[in-house]
């Protein structure tokens, strides 16, 4: 893959880089966006399970669905894209802002990660808000109950819920301070997360898209590379480290 000299020079002068990631990067690890084409969950719409009312109405069923999803996530590994983002930390101050809940960026070793939609491997009590960072058994034995008597739910953002304030605020500040803002595997259509590329652009950052195809945000990016992130990012890092400093 060929990268323009001007692009590499501008990237090399950067100090702060944000990687804004979506489902596309996780798909390269074999994780479906919500569910596979097969299985019992096809008769349900995601919004029928990923909301608080559904959880209260049928907590065991919702918990079982998340245990099913956790099993898929647990069997997946960070891919070349995740690993290369970690390698970028050798050359820049890197912040990862992800819409994914699969924890793969942290497992790959990224140091600074904002999880806008939560983390499927974590849970908390709906009553006392105690957090549980250790996974429960993968077997769907019914929703666990906290010592206070409250139901324990996945620590993810459900339909109709606000993003975690600290995570979004940190992501917003990192976007505004960035010199280069990568948009990886997402069409950036889900708000309020979709505001972040615009915040970065207005602050003067170079927007770089990496996706398998053009998206609605492509025409607002300075550069777009249409291929898998696991292909583009390693090649980009190799080109960057061999490019002369201007």
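For the chain, the longest principal axis of the Cα atoms and the long axis of helix 229-242 meet at an angle of about 30 degrees. The order of 13, 69, going from fewest to most other C-beta atoms within 10 Å of their C-beta, is 13, 69. A full extension of the chain between residue 15 and residue 130 corresponds to an added length of 37.6 nm, given 0.36 nm per residue minus the alpha carbon distance.
Neighbour counting of Cβ atoms within 10 Å sorts the residues 131, 112, fewest neighbours leading, into 131, 112. Look at the alpha carbon pairs under 8 Å that are at least 6 residues apart: their mean separation over the length of the stretch 152-217 gives a relative contact order of 35 percent.
Compute the angle between helix 165-177 and the longest alpha-carbon principal axis of the chain, please, reported from 0 to 90 degrees and rounded to the nearest 10. Its long axis makes an angle of about 0 degrees. Dividing the helix sum by the residues of the chain, where each DSSP H run of 4 or more adds -39500 (n - 2.57), gives a mean residue ellipticity at 222 nm of -10000 deg cm²/dmol.
For residue 239 and residue 86, what does the FRET efficiency come to when R0 = 25 Å and r is the distance between their Cβ atoms, rounded to the nearest 0.05? Computed FRET efficiency for residue 239 and residue 86 comes out at 0.90. In the chain, the longest principal axis of the Cα atoms and the axis of helix 59-75 are about 40 degrees apart.
With the simple model of a label 7 Å out from the Cα in the direction of the Cβ, residue 112 to residue 203 spans 1.0 nm. Legend: ranking of residues 29, 218, 5 from fewest to most surrounding C-beta atoms inside 10 Å; resulting order 5, 218, 29.
Values in this text are rule-based calculations from the coordinates and carry no lab data. Given the structure is predicted, the values throughout are model-derived calculations rather than measurements. Note that we place each Cβ from the backbone using ideal geometry, even for glycine, and neighbour counts take in every protein chain shown.
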